[in-house]
Amino acid sequence: MASVYQKQNGTWICQWIAGRDLAGKKIRDSRVFQTEDEAIAHKVIVEQTGGGTGKESLGSRWNTWIEEQLALGNISEKTACGYRQKCRAWSNVVGPKPLKRVTPADLSKAFATIARTPTVRGSAPSEQTLKHYVTTLRTFLNDLLRSGELQRSPALSLRSPTPQKQTRRAPTKDELVKIVEVAEDNERVYGLMATILRFAVNTGLRRGEILALRWSDIDFDAAMVSVNRTVTQPTGAGPV
């Protein structure tokens, strides 16, 4: 169980039992909040997940923080989905090392690994994607810094590595015709891919927009397609 109380300076404290040491003595941990609602929201998270002990890994604490922000209404479920994807990538590289022992060197090395890891499309992460990795991590760590849970943020000196440049071009008309012909001739292998390719070429819709289409989005009488949603697939997760 966790307890919530107010200090003389007006701040609110959430305190809980974080486990026991080797001698069996209780280990207490706490967090400082500016409002009672924030402290109560953290109390709920602690009691449900046992999180926020100060000895958690980067990934474990980050996931708990995301649920806290959702509970407080500070972020939307869509934003939380993006945070979870970035959290998963960082924690997979940093590993189980306690958050308070993570150093700037650990994050720099981890980020270099992330920058070299191909995306689900098989290409290197774009510059914008790499910026998102840094921004989401700093948002999380800076919030812990402001609340007093961390004394320093190991991400303050983190720099984005220069992304590998990708040379891209659109296929020519002849190449497109050949691609569709191959798909049509190998329908047992590619299924309806030829139809999907023809639709994409003639409408200019993105892959995610095509995947999100429903029959209700298509007016066959008016030959009209309405684009109302899109599909994305975060690294290591299913389509959203």
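Which numbered condition in (1) within 13 Å of Thr136 (Cα to Cα); (2) crowded, with 17+ Cβ neighbours inside 10 Å; (3) polar (S, T, N, Q) is the only one that Ser60 fails?
Unmet condition: (1).
If you go through region 187-208 one residue at a time, do you hit one that is assigned to a helix (DSSP H, G or I), under 30 Å from Thr135 (Cβ atoms) and at pLDDT 90 or above?
The answer is yes; a qualifying residue exists.
What are the residues in region 97-149 that are within 21 Å of Thr232 (Cβ to Cβ) and not in a helix (DSSP H, G or I), if any?
Thr117, Pro118, Thr119, Val120, Arg121, Gly122, Ser123, Ala124, Pro125, Ser126 - these are the residues of region 97-149 that are within 21 Å of Thr232 (Cβ to Cβ) and not in a helix (DSSP H, G or I).
Can you tell me which residues in region 166-186 are surrounded by 12 or more Cβ atoms within 10 Å (Cβ to Cβ) and either among the β-branched types (Val, Ile, Thr) or part of a loop (DSSP other than H, G, I, E, B) (or both)?
Val177, Ile179, Val180, Val182, Asn186, listed by residue number.
Looking only at residues that are at pLDDT 80 or above and loosely packed, with under 15 Cβ neighbours inside 10 Å in region 133-150, which one is nearest to the chain's Cα centre (by Cα)?
For region 133-150, the residue satisfying everything is Thr135.
List, please: which pairs have Cβ atoms under 6 Å, are six or more places apart or on different chains, and start with a residue in region 101-122 that is of a type in the set (A, V, I, L, M) and end with one that is at pLDDT below 90 and open to solvent by 80 Å² or more (accessible area, probe 1.4 Å)?
Val120/Gln233
Limited to region 80-100, what total is found for residues that are without any contact (Cβ under 8 Å) to a residue 40 or more places away in the chain, under 8 Å from the mean Cα position of the chain (by Cα) and open to solvent by 30 Å² or more (accessible area, probe 1.4 Å)?
Of the residues in region 80-100, 0 are without any contact (Cβ under 8 Å) to a residue 40 or more places away in the chain, under 8 Å from the mean Cα position of the chain (by Cα) and open to solvent by 30 Å² or more (accessible area, probe 1.4 Å).
For Leu156, are the conditions met, namely being open to solvent by 50 Å² or more (accessible area, probe 1.4 Å), closer than 30 Å to Glu38 by Cβ and part of a loop (DSSP other than H, G, I, E, B)?
Criteria met by Leu156.
In this structure, is Ala223 loosely packed, with under 11 Cβ neighbours inside 10 Å and free of Cβ contacts under 8 Å to residues at least 24 places away in the same chain?
Against the criterion (loosely packed, with under 11 Cβ neighbours inside 10 Å and free of Cβ contacts under 8 Å to residues at least 24 places away in the same chain), Ala223 qualifies.
Given the conditions (1) within 30 Å of Lys97 (Cβ to Cβ); (2) at pLDDT below 85, which single one is not true for Val240?
(2)
The values are calculated or read from the model by the stated rules, or taken from the named source; none is laboratory data. Since the structure is predicted, the reported quantities are computational estimates derived from the model, not experimental observations. Please note: Cβ atoms are built from the backbone with ideal geometry, for glycine as well, and neighbour counts cover all protein chains shown. Note: areas computed on protein heavy atoms with side chains; ligands, DNA, RNA excluded. Shrake-Rupley method; radii C 1.70, N 1.55, O 1.52, S 1.80 Å.
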